[in-house]
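Chemist: I am attaching a structure below and will ask some questions about it afterwards.
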Amino acid sequence: MRELYFTSPYRRSLRTIRLEYGQVKKVFILRTFDGEINGRGESENPPNEQVFENEQGLLKKVYETKSGLLEGRWLVQNKQSISQPSFISTNVIDGEVSVEFDN
């Protein structure tokens, strides 16, 4: 199964959408997971699953979904590179490192 992972910043969290798609036995399946990454961790809702008779129909739906998300300013990400958003900012001023906690 192939996977696309999208994120969108929302206040103090990241909204996530994961598309998982491919062939299972004789049908093609698209699973859409939506979730959130915040200061308390990651959460993901159960998938919405769509079944297609042919690969062309599946790929068309994946393309339409991806295009819609990118137009909505969602970002394609590598899931392994996503971590919890940081509420700590660091600055270097005149060689001194300062750490600030965002409220």
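Chemist: List pairs: first residue in region 32-52 and more than 14 Å from Ile17 (Cβ to Cβ), second residue among the β-branched types (Val, Ile, Thr) and modelled with pLDDT of 90 or more anywhere in the structure, Cβ distance under 6 angstrom, at least six positions apart or on different chains.
Modeler: Val51/Val27; Val51/Ile29
Chemist: Ok, one more. Take the residues in region 65-79 that are aliphatic (A, V, I, L, M) and outside any strand (DSSP E or B); name whichever of them is surrounded by the most Cβ atoms within 10 Å (Cβ to Cβ).
Modeler: Going through the qualifying residues, I end up with Leu69.
Chemist: Still on this structure, please answer the following. Does region 54-64 include one or more residues that are modelled with pLDDT of 90 or more, of a type outside the set (Val, Ile, Thr), touching a strand residue (DSSP E or B) at 6+ places or on another chain (Cβ under 9 Å) and part of a loop (DSSP other than H, G, I, E, B)?
Modeler: Scanning region 54-64, I find at least one residue that is modelled with pLDDT of 90 or more, of a type outside the set (Val, Ile, Thr), touching a strand residue (DSSP E or B) at 6+ places or on another chain (Cβ under 9 Å) and part of a loop (DSSP other than H, G, I, E, B), so the answer is yes.
Chemist: Restricting the search to region 19-41, which residues are among the basic types (Lys, Arg) and either touching a helix residue (DSSP H, G or I) at 6+ places or on another chain (Cβ under 7 Å) or not in a strand (DSSP E or B) (or both)?
Modeler: Of everything in region 19-41, those that are among the basic types (Lys, Arg) and either touching a helix residue (DSSP H, G or I) at 6+ places or on another chain (Cβ under 7 Å) or not in a strand (DSSP E or B) (or both) turn out to be Lys25, Lys26, Arg40.
The values are calculated or read from the model by the stated rules, or taken from the named source; none is laboratory data. Note that the structure is a prediction, hence the values are computed from the model and not measured. Virtual Cβ from ideal backbone geometry, glycine too; neighbours counted across all protein chains shown.
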